[in-house]
1. Are any residues in region 1-24 part of a helix (DSSP H, G or I) and among the hydroxyl-bearing types (Ser, Thr, Tyr), and if so, which ones?
2. Filter region 19-71 down to residues that are of a type in the set (Asp, Glu) and open to solvent by less than 90 Å² (accessible area, probe 1.4 Å) and give me whichever is nearest to Asn9 (Cα to Cα).
3. Identify all residues within region 32-55 that are touching an Asp or Glu at 6+ places or on another chain (Cβ under 8 Å) and hydrophobic (A, V, I, L, M, F, W, C); write none if there are none.
4. I'm trying to understand the selection: among the residues of region 25-65, which are in a loop (DSSP other than H, G, I, E, B) and within 13 Å of the chain's Cα centre (by Cα)?
Amino acid sequence: GLSRIEAKNLILRTLKQLSRSVFMVRIIHGCNNGIVLRNMIRKELRSHPKIERIELSMNGGITDLIIKQEG
């Protein structure tokens, strides 16, 4: 139920506060009511310094962010 900007800000805050033990963040953005959030996550967050890669799910409404592991 968040707007694109609200969702991006929430994801960025979450990435900033991650514990070192977290290796993946699963985002459930849905796919039936448009693709704005899905596209933002998959395009704009691709170059985030904490994200190693983005994995697409068999479910079109889910995107997994694989977190870089330090050390």
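The values are calculated or read from the model by the stated rules, or taken from the named source; none is laboratory data. What you see is a predicted model, and the numbers here were worked out from it, not measured in a lab. Every residue, glycine among them, receives a Cβ derived from its backbone with ideal geometry; neighbour counts consider all protein chains shown. Accessible surface is based on the protein model in full, side chains and every heavy atom, while ligands, DNA and RNA are left aside. Shrake-Rupley method; radii C 1.70, N 1.55, O 1.52, S 1.80 Å.
1. Thr14
2. Kept after step one, since they are of a type in the set (Asp, Glu), are these residues of region 19-71: 44, 52, 55, 64, 70.
Right, trim to open to solvent by less than 90 Å² (accessible area, probe 1.4 Å) and you get 44, 55, 64.
Working: Glu44: 12, Glu55: 20, Asp64: 17 Å.
Applying the filter and picking the extreme gives Glu44.
3. Once the filter is applied, which keeps residues that are touching an Asp or Glu at 6+ places or on another chain (Cβ under 8 Å) and hydrophobic (A, V, I, L, M, F, W, C), region 32-55 yields only Ile54.
4. Result: His29, Gly30, Leu45, Arg46, Ser47, His48, Pro49, Lys50, Ser57, Gly61.
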